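Below is one structure, written out as structure tokens; the observations come after it.
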Amino acid sequence: MSFERRITYAAAAAVAVAVLLAAVASYFIVRQELRSSVDSSLRTALTATERYVDRPLRSPPGPFRAPSRAQRLQRLLSGAPNRLGEPGVLELVSASGALMRAHGVSAGQELPVSPRLVALARRGTGRATFTVPVNGTDLRVLAAGVGGDETIVLARSLSEQDSTLFHLRLILIVVAAIGIALAALLGSFVARTALAPVRRLRAAAEHVAATTDLGARIENTGSDELGSLARSFNAMLAALDESARTQRRLIADASHELRTPVTSVRTNLEYLQRASDLAPAERERLIRDLVGQLEGLSGLVSDLIELAREDDQANSEPLEEVRFDVLIDEAVERARLYSPQARFDVELEETLVSAMPSRLGRAVSNLLENAVKYAGTEEPIEVRLAGGELEIRDHGPGIDPEELPHVFDRFFRGTRSRALPGSGLGLAIVRQVVERHAGSVSASSGPDGGMVFRLRMPVLS
């Protein structure tokens with residue numbers, strides 16, 4: 001089943017349930033109102049009946065006396081005006097369970113004498129309201145004990161109300177059926193409208209999969225969740241496009257950088273192969289050149305591999321709480337071991353950061369190696385750490401101002417450094433690692449020559 005069809009069914013089911021609940025609630029509300037109206041009329045009639053039976057009467061002058069309470073009850077049952085309206089029922093039940101002739105009830109339609117009515121007659125007080133079927137007709141009954149071991153029973157037929165409720169049920173069934181049908185139609189419309197951005201997203205994904213065109217974008221005009229999904233998809237395509245461009249640039253730059261040393265090594269090897277009459281000293285010099293070229297080529301390949309695998313290694317290594325000052329101190333000790341002629345002036349403040357130790361250590365080592373390469377031996381390399389910012393300053397020849405913005409570009413080598421060994425990838429690796437850690441790195445010229453590199457990391461509180 002398609003996602004659009006599931007949404008259609010879900011929307012139709014939700015509306016159908018709402019319509020059915022509204023219909024059922026309407027039916028019971030109307031039913032309760034009709035019953036309440038009947039109960040109100042019965043209470044009004046009962047109050048009038050009790051007043052008629054129990055009101056005090058003065059005896060008129062002469063031999064006539066006021067009728068007794070029993071006589072008034074008999075008159076009420078035999079011919080008193082009907083206080084219920086037509087059709088209405090008035091009965092009198094004694095404590096013994098005897099039923100007197102009722103007013104408004106044909107023969108054979110008397111209300112059944114239940115234990116509840118007898119109990120009310122014996123108590124002489126209290127009321128009870130209930131519905132009872134009599135010969136296929138529902139009667140709403142109100143019974144009240146009136147003292148003297150009798151219960152007055154008032155009832156009214158619910159035929160008119162039942163007829164009204166029957167017609168109401170028919171109307172609600174028709175309305176509910178129409179509502180459910182409309183819900184199905186509207187559900188289909190809502191699903192098609194709501195999923196239009198999803199269809200565009202699917203079409204764009206299929207286009208990218210079929211054509212590998214990472215420049216495709218989805219038109220985004222909404223600010224809802226689907227609009228956010230479209231923006232995220234566009235951002236993903238942009239990131240993939242940039243990654244693909246970066247890879248192509250890396251391949252092109254690597255091919256360009258590798259072409260020169262490979263050509264040089266090949267030329268020297270061919271010359272060495274043909275020149276059988278070379279002097280031993282000349283042959284030794286040529287072999288040393290070849291070894292140096294191969295070492296440079298090996299370093300370039302290693303840096304290329306490091307740069308290409310940076311993403312995978314960064315994703316596979318977890319972040320840890322790292323003492324940045326300890327990591328820097330270890331990198332300085334390694335630099336001293338590999339470059340005994342270099343001098344370092346170190347001041348480190350205790351600093352805690354969240355980092356991948358091997359990655360961040362490689363970045364610091366690259367900065368130190370760069371400083372050692374250009375610093376010379378006259379002045380020490382200054383290494384300072386304070387407030388999460390590492391500053392490494394050398395007193396070497398520096399770099400031309402117009403070349404300064406490009407020092408972290410891949411394969412960039414300044415005019416003054418082209419005679420020195422190196423691949424031009426060390427600082428590019430530094431920038432890539434630092435940015436992976438949400439940090440920053442910058443380079444500037446020193447006030448009295450040399451270079452100043454600043455690496456800033458977010459500090460843990």
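The values are calculated or read from the model by the stated rules, or taken from the named source; none is laboratory data. Values in this document were obtained by computation on a predicted structure and should not be read as measured data. Cβ atoms come from the backbone with ideal geometry, glycine included; neighbour counts cover every protein chain shown.
Quick check on my filter: what residues within segment 128-147 are in a strand (DSSP E or B) and loosely packed, with under 13 Cβ neighbours inside 10 Å?
Scanning segment 128-147 gives Phe130, Thr131, Pro133.
Any residue in segment 432-461 that is over 16 Å from Asp325 (Cβ atoms) and in contact (Cβ under 8 Å) with a residue 40 or more places away in the chain sitting within a Cβ distance under 7 Å of a residue that is small (Gly, Ala, Ser) and part of a helix (DSSP H, G or I)? List the pairs, counting only those 6 or more apart or interchain.
If the second residue must be small (Gly, Ala, Ser) and part of a helix (DSSP H, G or I), the pairs left are Val433/Ala363; Val434/Ala363; Arg436/Ala314.
State the number of residues belonging to segment 427-444 that are under 18 Å from Gly388 (Cβ atoms), assigned to a helix (DSSP H, G or I) and not hydrophobic (A, V, I, L, M, F, W, C).
Count: 3.
Pick out the one residue from Phe166, Phe189 that is part of a helix (DSSP H, G or I), within 26 Å of Ala10 (Cα to Cα) and among the aromatic types (Phe, Trp, Tyr).
Result: Phe189 is the single residue among Phe166, Phe189 that is part of a helix (DSSP H, G or I), within 26 Å of Ala10 (Cα to Cα) and among the aromatic types (Phe, Trp, Tyr).
Of all residues in segment 339-364, which are farther than 12 Å from Val322 by Cα and either buried (at least 21 other Cβ atoms within 10 Å of the Cβ) or aliphatic (A, V, I, L, M) (or both)?
Ala342, Val346, Leu348, Ala363, Val364
Show the residue pairs meeting these rules: Cβ distance below 7 Å; 6+ apart or different chains; first residue within segment 339-362 and outside the structural domain of Glu391 (by TED's automatic domain parsing); second residue among the small types (Gly, Ala, Ser) and outside any strand (DSSP E or B).
Partner pairs satisfying both residue conditions: none exist.
In segment 148-161, which residues are surrounded by 14 or more Cβ atoms within 10 Å (Cβ to Cβ) and not in a strand (DSSP E or B)?
Across segment 148-161, the qualifying residues are Gly148, Asp149, Leu158, Gln161.
Go through Gly227, Gly215, Gly179 for me and flag whichever is closer than 26 Å to Val17 by Cα, within 42 Å of the chain's Cα centre (by Cα) and touching a residue at least 24 places away in the same chain (Cβ under 8 Å).
Exactly one residue qualifies, and that residue is Gly179.
Would you confirm whether or not segment 2-16 contains a residue that is aromatic (Phe, Trp, Tyr), within 30 Å of Ala128 (Cβ to Cβ) and modelled with pLDDT of 70 or more?
Within segment 2-16, not a single residue is aromatic (Phe, Trp, Tyr), within 30 Å of Ala128 (Cβ to Cβ) and modelled with pLDDT of 70 or more.
List the number of the failed condition for Arg454; all other conditions in (1) modelled with pLDDT under 90; (2) under 45 Å from the mean Cα position of the chain (by Cα); (3) of a type outside the set (A, V, I, L, M) hold.
Every listed condition holds for Arg454 apart from (1).
I'd like the residue in segment 95-126 that is in contact with a helix residue (DSSP H, G or I) (Cβ under 6 Å, 6 or more places away or on another chain) and modelled with pLDDT of 70 or more and, out of all such residues, is surrounded by the most Cβ atoms within 10 Å (Cβ to Cβ).
Ala95
Exactly one condition in (1) in contact with a helix residue (DSSP H, G or I) (Cβ under 7 Å, 6 or more places away or on another chain); (2) more than 30 Å from Leu111 (Cβ to Cβ); (3) not aromatic (Phe, Trp, Tyr) is not met by Ile152; state its number.
Every condition holds for Ile152 apart from (2).
Answer yes or no: is there a residue in segment 172-194 that is touching a His at 6+ places or on another chain (Cβ under 9 Å) and not aromatic (Phe, Trp, Tyr).
no
Go through (1) modelled with pLDDT of 75 or more; (2) in contact with a Lys or Arg (Cβ under 6 Å, 6 or more places away or on another chain) one by one and return the number of the condition Thr263 breaks.
(2)
Is at least one residue of segment 355-367 more than 18 Å from Ala443 (Cα to Cα) and either out of contact with any helix residue (DSSP H, G or I) (no Cβ under 7 Å at 6 or more places or on another chain) or modelled with pLDDT of 90 or more (or both)?
Within segment 355-367 (the criterion being more than 18 Å from Ala443 (Cα to Cα) and either out of contact with any helix residue (DSSP H, G or I) (no Cβ under 7 Å at 6 or more places or on another chain) or modelled with pLDDT of 90 or more (or both)), the answer is yes, since at least one residue qualifies.
When you scan segment 416-443, how many residues do you find that are at pLDDT 90 or above and polar (S, T, N, Q)?
The qualifying residues number 2.
Tell me, yes or no, whether segment 377-387 has at least one residue that is at pLDDT below 85, in a loop (DSSP other than H, G, I, E, B), in the same structural domain as Leu427 (by TED's automatic domain parsing) and surrounded by fewer than 16 Cβ atoms within 10 Å (Cβ to Cβ).
Yes, segment 377-387 contains a residue that is at pLDDT below 85, in a loop (DSSP other than H, G, I, E, B), in the same structural domain as Leu427 (by TED's automatic domain parsing) and surrounded by fewer than 16 Cβ atoms within 10 Å (Cβ to Cβ).
Residues Arg65, Arg55, Arg43, Arg72: which one is modelled with pLDDT of 70 or more, at negative phi and not polar (S, T, N, Q)?
Just one listed residue meets the conditions, Arg43.
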